[in-house]
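Engineer: Here it is: the structure, laid out below.
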Amino acid sequence: MTDQPNLSPNHVELFVKAGVDGTSIGGCPLCQRIFMILLTKRDAGKLTFTLTTVSMARPPSIFKKVASRLPALVHGDEIISDPDEIVVYVDRRFPDPPMAYNNAAASAACIDVFSKFSFYVKDVAHSATALVAELQKLNAYLEDSNYRFLCRDGMPDHLDCMMLPKLQHIRVIAKAFKNFDIPTNLKGLWRYLRNAYDSPVFALTCPSDQEILRHWLDKKECQYLAKEKKVVLALESPDCRSLTCPV
């Protein structure tokens, strides 16, 4: 769909979840993942992009013409709304800088972290034991690694763009819902998060803690928490982002 014919052929538009104000970035980790990838490609001078935030309760007409879910990417006549397909498309059309990874150990260290977190916060699992075990596995990999990120130095790759938004959700939501903190003795994990917080690719794309909280309260399994005093107080607090580390 080409509504703006004067734009460069290297220009894309990314539609992402809007925050409660309709303009800020909402708390969707999939949207942040794609936003991070486009920012990395843009900073290398390989593409330009327009970021459009969308409230699904009041979607703009331009969005309704092209997609029904988020994130969504529009590039000329191409319209893609599956995150994995967006990644494949962007890498194919804009291969530099390369962001693919080939590290089985890093992938294995990450694979079950988010699912164990989801079971915990949704009360499928009543203990944090399984989550802690997965965080320890990831930490062990990171402590043995000399990289700033999971598989490389310099800039995040696709595995980082997938994992870092999820880790931020774990940090914010486990604290808000369960009063659970990522253990401070996981020094490799905290070093990794510090490197992410120091990276503009993560810091500029990260939603506020409050938007991450709203994202989870929209889930049916978590809606009962909306009236808990600590959750209400967190939502009523001025927007902030947890981008500092305790160790």
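Engineer: In the chain, which Cys residues have no partner Cys with a Cβ closer than 4.7 Å?
Structural biologist: C110, C151, C161, C206, C222, C240, C245, each lacking another Cys Cβ under 4.7 Å.
Engineer: Still on this structure: Considering only DSSP beta bridges where both residues belong to region 1-138, give the percentage that are antiparallel (nearest 5).
Structural biologist: That works out to approximately 50 percent antiparallel.
Engineer: Next up: Determine which lysines satisfy two conditions relative to K178: a Cα distance under 20 Å, and not lying fewer than 8 residues away in the same chain.
Structural biologist: K116, K122, K166, K219, K220, K227, K229, K230
Engineer: Turning to a different aspect of this structure: Per residue, how many Å² of accessible area does the chain show with a 1.4 Å probe?
Structural biologist: Each residue of the chain exposes 48 Å² on average to a 1.4 Å probe.
Engineer: In region 1-83, what is the volume of the convex hull around the alpha carbon atoms, normalised per residue and reported in Å³?
Structural biologist: It comes to 88 Å³ per residue, whole-number rounded.
Engineer: When the solvent-accessible surface of protein heavy atoms is calculated with a 1.4 angstrom probe, in what order do K65, K230 fall, highest first?
Structural biologist: Order by accessible area, largest first: K65, K230.
Engineer: Any idea which of N102, S237, H169 is furthest toward the positive side of the dipole for the chain, if Lys and Arg beta-carbons carry +1 and Asp and Glu beta-carbons -1?
Structural biologist: Of the listed residues, the answer is S237.
Engineer: Give me the percent of the accessible area of region 32-76 that comes from carbon and sulfur atoms, probe 1.4 Å, all protein chains in place.
Structural biologist: Solvent-exposed carbon and sulfur of region 32-76 make up 48 percent of the total.
Engineer: Roll a 1.4 Å probe over the protein heavy atoms and report the accessible area of R69 in Å², nearest 10.
Structural biologist: Spelled out: R69, probe radius 1.4 Å, area about 120 Å².
Engineer: What relative contact order, as a whole-number percentage, does the chain give when Cα pairs under 8 Å and 6 or more residues apart are counted?
Structural biologist: RCO, the chain: 21 percent.
Engineer: Give the accessible area for E228 in Å² (nearest 10); use a 1.4 Å probe, count only protein heavy atoms, and leave out ligands, DNA and RNA.
Structural biologist: Here the accessible area works out near 70 Å².
Engineer: Give me the dipole magnitude in Debye, nearest 20, for the chain about the Cα centre, with unit charges on the beta carbon: positive for Lys and Arg, negative for Asp and Glu.
Structural biologist: With only Lys, Arg, Asp and Glu charged at Cβ, the dipole is about 500 debye.
The values are calculated or read from the model by the stated rules, or taken from the named source; none is laboratory data. Just so we're clear, the structure is a prediction, and the values are computed from it rather than from any experiment. All Cβ positions, even for glycine, are placed from backbone atoms using ideal geometry, and neighbour counts span all protein chains on display. Heads up: the accessible areas ignore ligands, DNA and RNA and are worked out on the full protein's heavy atoms, side chains in. Shrake-Rupley method; radii C 1.70, N 1.55, O 1.52, S 1.80 Å.
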